[in-house]
Amino acid sequence: MVHIVVLGAGIGGLPTAYELRHLLPKSHCITLISDNPKFTFIPSLPWVAFDLTPLENIQLDIKNLLWGRGIHWIEGKVTALDPNAQTLHVAGKIINYDYAVIATGASLALDAVPGLGPEQGYTQSVCNPHHALLARQKWRKFLENPGPLVVGAVPGASCFGPLYEFALLADNVLRRRGLRHKVPMTLVTPEPYAGHLGIGEMANSAQLVTRLLKQRDIELIENAAISEISPQKITLADGRILPFQYSMVLPPFQGASFLRSAKGLTDAKGFVPTLPTYQHPDFPSIYSLGVVVQLTPKELTPVPIGVPKTGQMTEAMGMAVAHNIARELGAIKTGPVRPTLEAICMADFGDTGIVFIAAPVLRDPVTGKRRFSVAKRGRWVSWIKVAFEKFFLTKMRLGMSVPWFERWGLRILGLSLVEPIPNELISDSQSMSVEHICKLTMR
Ligand SMILES: Cc1cc2nc3c(=O)[nH]c(=O)nc-3n(C[C@H](O)[C@H](O)[C@H](O)COP(=O)(O)OP(=O)(O)OC[C@H]3O[C@@H](n4cnc5c(N)ncnc54)[C@H](O)[C@@H]3O)c2cc1C
């Protein structure tokens, strides 16, 4: 019997636990651990901040989801992980594991810029459920006394879809309430140009985004570094000052603190390095997926930014991890796979939206090109985003990871989640697996 712990029950961790349960015989034990009793569909948090949907509508109770599914549940914050001893600390207990799958998502680097909020600063965020609720509280007050609104991201940020979504949704909500004329709006981004999205060369995304911001009378400041935030004032590195009555500023992401303090496990930001199998290069019992995975930008930008790790990339990483663990344990016979790292990202702006497709997200290091990329605008994007949220929550309720019709739908779009690992990249991963399996069978 092998014990697999999945750390984090978010967009990556929950479907991965389901997929592991689906692939592995019941003799193997799977435990899901999370510091939040609820699963949250993070991409819908901007709607919560604008009071367009209650938080409860995008959350599910994890204990109920797991009932009768053969997955153990522990609610608690993981505070330490020892990759040599294969133990972790959670809720006052020490847990032993044979495999740990790390899916603890983004911890927010709120100390990146003085005054970055919400807890210790003056700006809002929509990166986790608690922050979305704080942002909503502040938004309600703002509607009573509107003034300048600044939406931005600080240097090192990597998730830019919500930046445009927040600014353009704010515009839409304010127009519908007849308040837009009272709110001068500015969008500040560290991207070298609007629509770069941390990956560059995204079809016509730059033109689409820039045109839309102009049409909606939102001042755009590109390639900019926010250097300080004080009450009602954002200062840029070039000395410009942006007054605000309400501001949402996205922070950089990092790995959770227990990962950063585990010696040799992560880089300085707490991101976990991986082999093509998504196994750790030095600790064969550790796999990781989602925002915690180390993905290095291929291109240096004047103001530093990170590579986005979107929902589809996260799901694909989870499917690859579950496949590769099941393969190591002899439950499936096919070769190891890796995620394709293709992304579909939908940004809803209320009366329109933009869908971005990057296949793959990281461009070929030799040619500098990706297979294809698409950016399309239309009202239908908003409808599809709503439908996708409902679909995702339904499959989580039903205990499904990625059903056949989702894979089929992706194939129609020319996309896939995982692919075989080319032979020349297999050797490292293979020897790691053999080493780990030997250890497991000797116990
Ligand atoms: C505002 C916003 C909008 C977005 N919109 C889109 C979009 O439109 N499309 C898209 O594809 N992607 C979008 N993304 C990105 C997408 O949400 C992420 O790719 C995805 O959530 C990453 O999944 P994850 O499992 O790595 O992290 P999460 O989904 O954040 O899950 C992490 C889990 O780990 C738990 N956890 C954290 N620390 C600990 C600990 N120490 N102990 C125990 N548990 C812990 C958390 O409680 C959480 O349950 C958006 C992101 C944001 C912030």
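Computed from point charges on the beta carbon alone (+1 for Lys and Arg, -1 for Asp and Glu), the dipole magnitude for the stretch 204-312 about its Cα centre is near 160 Debye.
Rank the residues Cys29, Cys345 as a footprinting-exposure proxy: fewest other Cβ atoms within 10 Å of their Cβ go first. Can you show the working numbers first?
Numbers: Cys29 16, Cys345 25.
Result, fewest neighbours first: Cys29, Cys345.
Under 5 Å between amide hydrogens, built in the peptide plane, is the criterion, and for Arg338 it picks out Glu419, Ile421 among residues at least 5 positions away or on other chains. Taking label positions 7 Å along the Cα-Cβ direction at both Trp380 and Leu236, the computed distance is 3.7 nm, reported to one decimal.
Using C-alpha pairs below 8 Å separated by at least 6 residues, the relative contact order for the stretch 129-250 is 34 percent.
Along the axis of the charge dipole computed for the chain (Cβ charges of +1 for Lys and Arg, -1 for Asp and Glu, origin at the Cα centre), the listed residues Leu20, Leu259, Trp383 are led at the positive end by Trp383. DSSP beta bridges confined to the stretch 104-259 are antiparallel in about 40 percent of cases. Once both labels are positioned 7 Å from their Cα atoms along Cα-to-Cβ, the gap between His89 and Arg211 label points is 5.6 nm. If the chain linking Asn57 and Phe405 were pulled fully straight, counting 0.36 nm for each residue of separation and taking away their Cα-Cα distance, it would gain 122.8 nm. Once the Cβ-Cβ distance of Lys369 and Asn36 is raised to the sixth power relative to R0 = 41 Å, the FRET efficiency obtained is 0.55. Among beta bridges from DSSP that stay inside the stretch 17-167, the antiparallel ones total about 75%.
Over the chain, what relative contact order in percent results from Cα pairs under 8 Å that are six or more residues apart?
Details: 956 pairs, mean separation 80.7, N = 443.
Over the chain, the number comes to 18 percent.
When the charge dipole of the stretch 129-250 is built from unit charges on Cβ atoms (+1 for Lys and Arg, -1 for Asp and Glu) and taken about the Cα centre, the candidate among Val151, Ser227, Gln137 whose Cα reaches farthest toward its positive end is Gln137.
Calculated mean residue ellipticity at 222 nm for the chain: -9500 deg cm²/dmol, from DSSP H runs with n ≥ 4 weighted as -39500 (n - 2.57), summed, divided by the residue count and rounded to 500. Three principal axis extents of the stretch 129-250 based on alpha-carbon atoms, in descending order, are 40, 30, 29 Å.
Pull up the DSSP beta bridges for the chain and report the antiparallel fraction as a percent, rounded to 5. Numbers along the way, then the final one.
Numbers: 36 of 67 bridges.
Antiparallel bridges: around 55 percent, rounded to the nearest 5.
Principal axis analysis of the Cα atoms in the stretch 83-133 yields extents of 43, 22, 20 Å, listed in decreasing size.
Which trypsin sites (Lys or Arg not before Pro) does the stretch 273-330 hold that lie in a coil by DSSP with at most 13 other beta carbons within 10 Å? Mind showing how you got there, number by number?
Values: sites: Lys298, Lys309, Arg327; in loops: Lys298, Lys309.
Answer by residue number: Lys298.
Extending 7 Å from the Cα toward the beta-carbon at both Tyr193 and Ile332 defines two label points whose distance is 4.1 nm. Annotation note: GluC sites (Glu not before Pro) in the stretch 73-170 located in DSSP loop regions with a Cβ neighbour count of at most 14 within 10 Å are Glu119.
Listed cross-link partners Lys77/Lys395; Lys38/Lys263; Lys63/Lys309; Lys263/Lys385 are compared with a 32 Å cut-off, the Cα-Cα value being larger for Lys263/Lys385.
Extension gain, Asn423-Thr352: 0.36 nm per intervening residue step, less the Cα-Cα distance, totals 21.1 nm.
What percent does the relative contact order of the stretch 217-267 come to when contacts are Cα pairs within less than 8 Å and at least six residues apart? Before the final figure, lay out each step's value.
Numbers: 35 pairs, mean separation 9.2, N = 51.
The value is 18 percent.
Let a ≥ b ≥ c be the square roots of the eigenvalues of the Cα gyration tensor of the stretch 273-398; is it rounded (a/c under 1.5), or, if not, prolate (a/b larger than b/c) or oblate? Don't skip to the answer; put the middle values down first.
On the way: a/c = 2.25, a/b = 1.32, b/c = 1.70.
Verdict is oblate for the stretch 273-398.
Sorted from longest to shortest, the spans of the Cα atoms of the stretch 234-325 along the three principal axes equal 52, 29, 26 Å. For the chain, the Kirkwood hydrodynamic radius from C-alpha pairs, put into Stokes-Einstein at 10 °C and a viscosity of 1.306 mPa s, yields a diffusion coefficient of 71 µm² per second. When the chain is treated as a Gaussian network with alpha carbon springs shorter than 10 Å, the biggest mean-square fluctuation among Val291, Val366, Val78 belongs to Val366.
Any read-out appearing in this document is the output of simple, stated calculations on the displayed coordinates, not a laboratory observation. All figures in this text were calculated on a predicted structure; none of them were measured in a lab. For neighbour counting, all protein chains shown are included, and Cβ atoms are generated from backbone atoms with ideal geometry for every residue, glycine included.
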